[in-house]
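Engineer: Pasting in a structure now, in structure tokens, and then I'll have a few things to ask.
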Amino acid sequence: MVYSDKQRYWIWLSSALCPDCKSFYRLLDEYGEAEYVWHQLILARRLLRPATFSRLQKARTGEYMDKLMERLETRNIVAVTQLDEDYPDRLRAIEEAPPTIYLRGDRAALNPEKAFAIVGSRKATVDGARFVQTVANDLARAGVSIVSGLAAGIDTHAHMGCLEGGAPTLAVLGSGPDIVYPPENRELAARIVDEGGALLAEYPPGYPPADHTFPRRNRIISGLSDGVLMGEGTLRSGAMITMRYARDQRRPRFAVPGSVYAASYEGTNHLLLEGAQICLGARQITDYYGWRAAPFEKAAGDMPELDGPSLKLVEMLKYEEKSFDELANAMKMDVSSLNSLLTILEMQGIIRQAAGKMYRAIV
């Protein structure tokens, strides 16, 4: 990627100050151009805190600039600045929009026609994970790109559902885009990039994840989206920070209702009390925006007629995911016969194998 001098100085200034957007914009308002900050840095002392000025002064070297550009090139990362036409319009409009975002993946994924965020607890329940994965899948089949944070739990299942549905998904990281956290999601991150999506961050390459980086990145998740769904989570969960950003950014908020006795739904139930839209499936979201429903949704008459073992198995999987062994015990079937039945129902689009080799009905 070849950057103009104007872009290079912009990338230098934003990376050296990251994640201090306020100082970046203060300097830009004063100087007009990032290049002028480089050439007249001593004048910036009065505009910055001493520690911030010292940090910027240390970064004002050709070595720093060259290393930054080398990292972008060797790690297949693209810096997209607010000078660029394809900087996401949704993100550009929020308060403290990142001056630069760093991207691994398809640059075209930054500006989908329809984008929707799904967030929630890292310690997802089986039902919560199943629900958001299904919603993400349904929305993806309706042409919606899913935005989330690549965290364990709800985020992971949101990305997986989107990929299953055939749409690109955006993962906003709390680190540089070359550092995947948690490490167990490296395979998922690679799949996101390979299948037309992207990993992005406001942090430059090599920037490590830390406690302060994740709450800040949440404003980007909501900022990139037309609306946000919280699948589950407590009142103190990071997902609630995203929902507060969504409120401030005037993004419609959706929440999944749950038991008043379950801590995992404390946050979502609170959001519903605040006036968030209730979400019982993708249909509430597509109807709200006037988006077309997923083309695979069948009318009742289009569904194959089921009887005997097929009907019994599907009825069982409507309410609870089950493993192969659990189904074999419940159905009293041998391995070969159950394998054949499951294969036929999967081919008909009636059941789906979920994460962990669990089966569920999707009708």
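Engineer: Would a scan of the stretch 14-24 turn up a residue that is closer than 21 Å to Tyr203 by Cβ, touching a residue at least 60 places away in the same chain (Cβ under 8 Å) and polar (S, T, N, Q)?
Structural biologist: yes
Engineer: Something else: Pairs under 8 Å by beta carbon, first residue open to solvent by 30 Å² or more (accessible area, probe 1.4 Å) in the stretch 210-231, partner of a type in the set (A, V, I, L, M, F, W, C) and part of a helix (DSSP H, G or I), six or more apart or different chains?
Structural biologist: Once the first residue is open to solvent by 30 Å² or more (accessible area, probe 1.4 Å) and sits in the stretch 210-231, its partners that are of a type in the set (A, V, I, L, M, F, W, C) and part of a helix (DSSP H, G or I) give Pro215/Ile241.
Engineer: Going through the stretch 140-155 one residue at a time, which ones are under 21 Å from Arg292 (Cβ atoms) and either touching a Ser or Thr at 6+ places or on another chain (Cβ under 7 Å) or open to solvent by 10 Å² or more (accessible area, probe 1.4 Å) (or both)?
Structural biologist: Result: Arg141, Ala142, Gly143, Ser145, Ile146, Val147.
Engineer: Moving on. So which residues in the stretch 89-111 are not hydrophobic (A, V, I, L, M, F, W, C) and not in a loop (DSSP other than H, G, I, E, B)?
Structural biologist: Within the stretch 89-111, Asp89, Arg90, Arg92, Thr100, Tyr102, Arg104, Gly105, Arg107 meet the criteria.
Engineer: Taking the stretch 112-136, which residues are of a type outside the set (D, E, K, R), assigned to a helix (DSSP H, G or I) and free of Cβ contacts under 8 Å to residues at least 60 places away in the same chain?
Structural biologist: Ala136
Engineer: Take the conditions open to solvent by 10 Å² or more (accessible area, probe 1.4 Å), outside any strand (DSSP E or B) and within 21 Å of Arg130 (Cβ to Cβ) and apply them to Thr268. Does it pass?
Structural biologist: no
Engineer: Does the stretch 156-164 contain at least one residue that is closer than 27 Å to Tyr288 by Cα, in contact (Cβ under 8 Å) with a residue 40 or more places away in the chain, in a loop (DSSP other than H, G, I, E, B) and within 13 Å of the chain's Cα centre (by Cα)?
Structural biologist: Scanning the stretch 156-164 turns up no residue that is closer than 27 Å to Tyr288 by Cα, in contact (Cβ under 8 Å) with a residue 40 or more places away in the chain, in a loop (DSSP other than H, G, I, E, B) and within 13 Å of the chain's Cα centre (by Cα).
Engineer: Give me the residue from the stretch 232-246 that is surrounded by 17 or more Cβ atoms within 10 Å (Cβ to Cβ) and part of a helix (DSSP H, G or I) and, out of that set, modelled with the lowest pLDDT.
Structural biologist: Restricting to residues being surrounded by 17 or more Cβ atoms within 10 Å (Cβ to Cβ) and part of a helix (DSSP H, G or I), the top hit is Gly238.
Engineer: Still on this model: With the structure loaded, tell me whether Asp66 is over 30 Å from Glu266 (Cα atoms), touching a strand residue (DSSP E or B) at 6+ places or on another chain (Cβ under 7 Å) and not aliphatic (A, V, I, L, M) or whether it fails that test.
Structural biologist: Here the answer is no, as Asp66 does not meet what is asked.
Engineer: May I pose another question? Tell me the helices (runs of 4 or more DSSP H) entirely within the stretch 304-363 that contain at least 1 residues that are crowded, with 16+ Cβ neighbours inside 10 Å and among the β-branched types (Val, Ile, Thr).
Structural biologist: Passing ranges, in order: 308-317.
Engineer: Let me ask another. Would you be able to tell me the number of residues in the stretch 59-73 that are among the charged types (D, E, K, R), in a helix (DSSP H, G or I) and either touching a Cys at 6+ places or on another chain (Cβ under 7 Å) or in contact (Cβ under 8 Å) with a residue 12 or more places away in the chain (or both)?
Structural biologist: Total meeting the criteria: 2.
Engineer: Taking the condition of being closer than 29 Å to Asn76 by Cβ and either outside any helix (DSSP H, G or I) or open to solvent by 30 Å² or more (accessible area, probe 1.4 Å) (or both), how many residues in the stretch 33-48 meet it?
Structural biologist: So the count comes out to 3.
Engineer: When you scan the stretch 189-201, how many residues do you find that are in contact with a strand residue (DSSP E or B) (Cβ under 6 Å, 6 or more places away or on another chain) and part of a loop (DSSP other than H, G, I, E, B)?
Structural biologist: So the answer is 1.
Engineer: Another question, then. Since Phe131 meets every condition but one in (1) among the aromatic types (Phe, Trp, Tyr); (2) over 30 Å from Leu317 (Cα atoms); (3) buried (at least 17 other Cβ atoms within 10 Å of the Cβ), which condition does it not meet?
Structural biologist: Failing condition for Phe131: (2).
Conditions (1) more than 30 Å from Ala167 (Cα to Cα); (2) at pLDDT below 90, marked per residue:
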| position | (1), (2) |
| --- | --- |
| Trp291 | no, no |
| Met303 | no, yes |
| Leu306 | yes, yes |
| Tyr319 | no, yes |
| Ala330 | yes, no |
| Gln348 | no, yes |
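Engineer: Find all pairs meeting these conditions: Cβ atoms under 6 angstrom apart; at least six residues apart or on different chains; first residue within the stretch 93-110 and under 17 Å from Leu28 (Cα atoms) and in contact (Cβ under 8 Å) with a residue 60 or more places away in the chain; second residue surrounded by fewer than 22 Cβ atoms within 10 Å (Cβ to Cβ) and among the hydroxyl-bearing types (Ser, Thr, Tyr).
Structural biologist: The qualifying pairs are Thr100/Thr81.
Engineer: Could you check how many residues of the stretch 202-229 are under 12 Å from the mean Cα position of the chain (by Cα) and outside any loop (DSSP other than H, G, I, E, B)?
Structural biologist: Selection size over the stretch 202-229: 9.
Engineer: If you don't mind, there's one more thing I want to ask. Given the condition part of a loop (DSSP other than H, G, I, E, B) and crowded, with 19+ Cβ neighbours inside 10 Å, answer yes or no: does some residue in the stretch 21-32 qualify?
Structural biologist: No - not one qualifying residue is present in the stretch 21-32.
Engineer: Within the bounds of the stretch 56-75, is there any residue that is at pLDDT 95 or above, surrounded by 19 or more Cβ atoms within 10 Å (Cβ to Cβ) and closer than 29 Å to Met160 by Cα?
Structural biologist: yes
The values are calculated or read from the model by the stated rules, or taken from the named source; none is laboratory data. Bear in mind that the values here come from a model prediction, so they are computed numbers and not experimental data. Glycine gets a Cβ as well: all are built from the backbone with ideal geometry, and neighbour counts include every protein chain shown. All accessible areas refer to the heavy atoms of the entire protein, side chains included, with ligands and DNA or RNA removed. Shrake-Rupley method; radii C 1.70, N 1.55, O 1.52, S 1.80 Å.
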